[in-house]
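Inspection log for the structure reproduced underneath, given as structure tokens.
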Amino acid sequence: MRYDTLIRNAHVIDGSNAPAYRADVAVSGGRIERIGDLRDARATTEIDAGGRVLAPGFIDVHTHDDTVVIRQPQMLPKLSQGVTTVIVGNCGISASPVTLRGEPPDPMNLLGPRGAFVYPRLRDYRAALEVARPAVNVAALVGHTALRSNHMDDLQRTASPSEIRGMRQQLRESLDEGALGLSTGLAYASAFNADTDEVLQLAAELTAFGALYTTHLRSEFEPVLVAMDEAFLIGRQAQVPVIISHLKCAGAGNWGRSPQLLAALEQAAKTHAVGCDCYPYAASSSTLDLKQVTDAFRITITWSTPHPSMSGRDLQEIAGLWGVSLIDAAKRLQPAGAVYYGMDERDVRRILAHPLSMIGSDGLPDDPFPHPRLWGAFPRVLGHFSRDAGLFPLHTAVHKMTGLSARRFGLKERGELREGYWADLVLFDPERVRDVADFSYPQQAAEGIDGVWVNGVLSYQQGRANGGRAGVFLPR
Ligand code: ZN
Ligand code: CU
């Protein structure tokens, strides 16, 4: 028997949250063929892992990579972290199904300029992916705000019964074409005025498909518990799993409340499938939101359409330069993007360490001065939080980015290192792995990620993408 690829002497962390064990792993035809003692086996390509860790490729459950997987299919920011699958369409914004009438409304503009939205149906998006051949696998959620922008002329109100009918129809079509579920971004002005009933009616379409509901909560500030209750109610009524996106305690007045949030999550988990994702940083990033402008913590401008030269400068500094208030400076900068240093590190750690939390980067690939989570989220959990801070064992860190994620999102035969599963693999050095991207130099590849295979194809090696582009669309 001659395999395609044989990786010898690996410290296998299989993604199931079990501790590492020593084994050789053989891959053929894109799948893991054998795991065990394969000293007599031969392969076309043989690699000595030399005791480094071999794990399932990481699943980035929270991305805004919708259009970048097509426009820049080599996907270096993700591949260089060991990510082999991205889930797009989060926070209520998706590239499909979308038919724009004008400029993309905030925050859909995070996904790219108007010209990037050319997928009236999910099947059009899938077809474009097939042509682009991205380096990573892609699974897609349908964004509530995207549906609203398709069917409503004014996003500052709740949808009418006929608009809801139109949205349901389009959601049903997309689920039929392979979408994983529905995402909302209820905190954003473009969806905030949608009442709970509007979302309940849409979520009703998920039931028959066994799809899931993910949500950027209506509030991550003081009313966060009320917002969590709304999310759980929607999930219970539709009888579908609920994922709270980037769970956090936002705003200085909210710090220290993570035990309450996690207790609420645990309570809901007793009767219902719920979970959350989070990124390993105490700063958030999105479009510049006037409601979040404050002098209680630092805010950095990452991009600004009218003032592109302000990218990378603090709002405080810009306001000083112009001799205006923070809020007036923010108004002049819009449309713009920002990093908000609005969380407490202790809350971040508690949420990260909780057994119901998964890792999602929430990276913004179109941002010229992106939050470092785009390039650093996964290695930061492995290096900084697991190895250096000792927040959890390495196999638990891996579980939060592989096995748990695949199970929650229904990604079949992925997320674990098992015979017969797809060969999405990452080889890394547990002593060296670390995030290099930081808030000053955010676009830097991690260290210690030595090899990444996607569907059995070696796609990243020795610090560079090697041209392997074997990602596929993963339908529900
Ligand atoms: Zn979000
Ligand atoms: Cu997001």
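See the values below:
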read-out	value
Tilt relative to the chain, helix 196-207 - C-alpha long axis, 0 to 90 degrees, to 10	30 degrees
Full-extension gain in nm, Arg157 to Arg114, via 0.36 nm per residue minus C-alpha separation	13.2 nm
The chain, relative contact order in percent, only Cα pairs under 8 angstrom and at least six apart counted	21 percent
Portion, in percent, of the accessible area of region 353-476 that falls on carbon or sulfur, probe 1.4 Å	47 percent
Inter-centroid distance (Cα atoms) of region 18-57 relative to region 254-282, Å	36 Å
Quarter of the Cα convex hull surface for the chain, i.e. its orientation-mean projected area (nm²)	20.7 nm²
Cα-centred dipole magnitude for region 288-340, charges only on beta-carbon of K, R (+1) and D, E (-1), debye, nearest 20	100 debye
Centre separation in Å (Cα based) which lies between region 307-369 and region 122-196	26 Å
Value of relative contact order over region 404-460, rounded to a whole percent, pairs C-alpha under 8 Å and six or more apart	30 percent
Loop trypsin sites (Lys or Arg not before Pro), region 123-229, which have at most 16 other Cβ atoms in a 10 Å radius of their Cβ (DSSP)	Arg157
Region 288-340 shape via C-alpha gyration tensor axes, a/c threshold 1.5	rounded
Restraint check, Lys270/Lys400; Lys78/Lys270; Lys270/Lys291; Lys248/Lys291; Lys291/Lys400, Cα-Cα greater than 24 Å	Lys78/Lys270; Lys270/Lys291; Lys291/Lys400
Packing rank of 276-283, 259-266, 371-378, where each peptide gets the mean count of other beta carbons within 10 Å, highest leading	371-378, 276-283, 259-266
Within the accessible area of region 288-340 (1.4 Å probe), percent carbon and sulfur	51 percent
Per residue solvent-accessible surface (Å²) - the chain, probe of 1.4 Å	36 Å²
Normalised contact order of region 221-262, rounded percent, pairs of Cα under 8 Å and 6 or more residues apart	47 percent
C-alpha long axis of helix 122-132 to longest principal axis of the chain, angle in °	50 degrees
Within the accessible area of region 62-125 (1.4 Å probe), percent carbon and sulfur	52 percent
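The values are calculated or read from the model by the stated rules, or taken from the named source; none is laboratory data. A quick note: this is a predicted structure, and the numbers were derived from the prediction, not measured. FYI the Cβ positions are ideal-geometry reconstructions off the backbone, even for glycines, and counts take in every protein chain you see. Heavy atoms of the whole protein, side chains included, go into the accessibility calculation; ligands, DNA and RNA do not. Shrake-Rupley method; radii C 1.70, N 1.55, O 1.52, S 1.80 Å.
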